[in-house]
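J.: The following block contains the structure, expressed as structure tokens.
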Amino acid sequence: MDDSGHCVLEVLLRRSDTEDRANKIKDLLRIISLSDLDSHTKKTILLKTLQNHLSSLSINETLLKTLELLEELFRYDAFPVTATMSAAYCAVAVECTLRYLQLQVKIYRDNPPYFRAVNRIWRDRISHMNSSGSREGSLLFSVELER
């Protein structure tokens, strides 16, 4: 994608949202390769994705992935991850887990959806955030998240 394509995409992303414009952006993003975009444009896309999820009150595990991708871009650009972003990550992880908690069930093992969410979010995703590997020392990992 050339510079004019980046400019068009950036203008579409920054304008106020309507459902039609959001659909056009999604179509455009399907056509172009994200690897062709600069870091600034990728951040804009991810922030717009967060905004769309939150405006539709859609809090789900894709928000965790979006925040993780943002953190990678921030780290790449040597931009600090704020305490607010870490707190948001923690809040989304808790929300996505508690969604499956059934209060009438006394033991979480009797609630397979909750048990799967705990494994998926806390044991698979978050437990690896502070271990060695590609996500070495994630900046989203906080004391609050550990608790």
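J.: Starting from the 7 Å offset along Cα-to-Cβ, what nm value, one decimal, do you get for the label separation of Asp77 and Asp110?
T.: Spacing of the two 7 Å Cα→Cβ label points: 5.0 nm.
J.: At R0 = 30 Å, how high is the FRET efficiency between Thr44 and Glu95 if r is their beta carbon distance? Nearest 0.05 is fine.
T.: Working: r = 25 Å, r/R0 = 0.83.
The calculated FRET efficiency here is 0.75.
J.: Then there's this: Which length gain, in nm to one decimal place, applies between Ser58 and Arg125 when the Cα-Cα distance is subtracted from 0.36 nm times their residue separation?
T.: On the way: separation 67, 0.36 × 67 = 24.12 nm, distance 2.01 nm.
Separation in residues times 0.36 nm, less the Cα-Cα distance, equals 22.1 nm.
Just so you know, all these numbers are worked out from the coordinates, no wet-lab data involved. Just so it is clear, the model here is predicted, and its values are computed rather than measured. When we count neighbours, we look across all protein chains shown, and the Cβ atoms used for this are built from the backbone with ideal geometry, even at glycine.
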